[in-house]
1. Could you state the accessible area per residue of the stretch 74-166 in Å², with a 1.4 Å probe and every protein chain left in place?
2. Note down, for the stretch 73-156, the three equivalent ellipsoid semi-axes (square root of 5 times each alpha carbon gyration tensor eigenvalue), biggest first, whole angstrom.
3. Only sites in a loop by DSSP and with at most 13 other Cβ atoms within 10 Å count here; which trypsin sites (Lys or Arg not before Pro) in the stretch 69-166 make the cut?
4. Between the DSSP loop rule and a limit of at most 11 other Cβ atoms within 10 Å, which GluC sites (Glu not before Pro) in the stretch 53-134 are left?
5. Measuring from label point to label point, each 7 Å out along Cα→Cβ, what is the S158 to Y117 span in nm?
6. Could you check how much of the accessible area of the stretch 121-166 is carbon and sulfur, as a whole percent, using a 1.4 Å probe?
7. Grab the other residues whose beta carbon is less than 14 angstrom from that of G107, score K and R as +1, D and E as -1, and report the net.
Amino acid sequence: MRLAFRTVLAMSLSMSLAPLALANDTHSPSFPAKETTMLQARGDFDVTLTPHAGPEGGPEFGRMGIHKVFHGELDGSCEGEMLSVMTATKGSGAYVALDRFTGTLAGRRGSFMLMHYATMTRGAPQLSVTVVPDSGTDELAGLSGTLAIHIDDKGAHSYTFDYAIN
């Protein structure tokens with residue numbers, strides 16, 4: 001019985017992972033390479049974090065509502081949620097967040113989702129903010145890209161957004 005279960009599980013996994021393998025196969029003639037022109041938007045933004053009740057597990061966990069107002073080529077606002085955790089080691093922790101931008105990008109109106117993934121190791125930060133695939137709406141449909149967040153020594157926030165719209 002156990003062998004049959006393993007066989008079914010292996011077949012199920014290979015069938016469910018096959019589309020991922022094909023999507024990553026750059027030599028496949030059914031997936032021609034598309035040239036993408038990357039664009040860049042810059043500006044600043046204001047952010048307000050609102051504490052919410054965190055997940056069970058202790059004071060090291062945090063949960064916040066996010067509200068951002070963007071200025072510049074990205075003009076609009078974001079609403080989202082963030083989960084964070086700090087470790088016993090000073091300056092080490094992580095956060096993940098999802099937020100939805102609504103407004104304009106270089107004059108194009110629509111919305112899209114951003115996914116944040118960040119770690120800090122003894123004060124050294126590493127952050128990735130990426131457009132969620134296929135989340136663009138209206139004139140921002142087909143949007144992809146990454147957003148870099150910059151914080152100056154006075155706490156002012158700015159961004160550099162490298163993007164493409166296909």
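1. 55 Å²
2. In descending order, the three semi-axes are 28, 14, 10 Å.
3. K90, R122, K154
4. Numbers: sites: E56, E60, E73, E79, E81; in loops: E56, E60, E73.
Those satisfying the criteria are E56.
5. Reported label-point gap for S158 and Y117 is 2.8 nm.
6. Numbers: 1350 of 2710 Å².
Ligands and nucleic acids excluded, carbon and sulfur give 50 percent.
7. Charge balance in the 14 Å sphere: -2.
The values are calculated or read from the model by the stated rules, or taken from the named source; none is laboratory data. Since we're looking at a predicted model, the values are computed, not measured. In this analysis, Cβ positions are derived from the backbone assuming ideal geometry, glycine residues included, and neighbour counts consider all displayed protein chains. Protein only, heavy atoms only, side chains kept; ligands, DNA and RNA dropped before computing areas. Shrake-Rupley method; radii C 1.70, N 1.55, O 1.52, S 1.80 Å.
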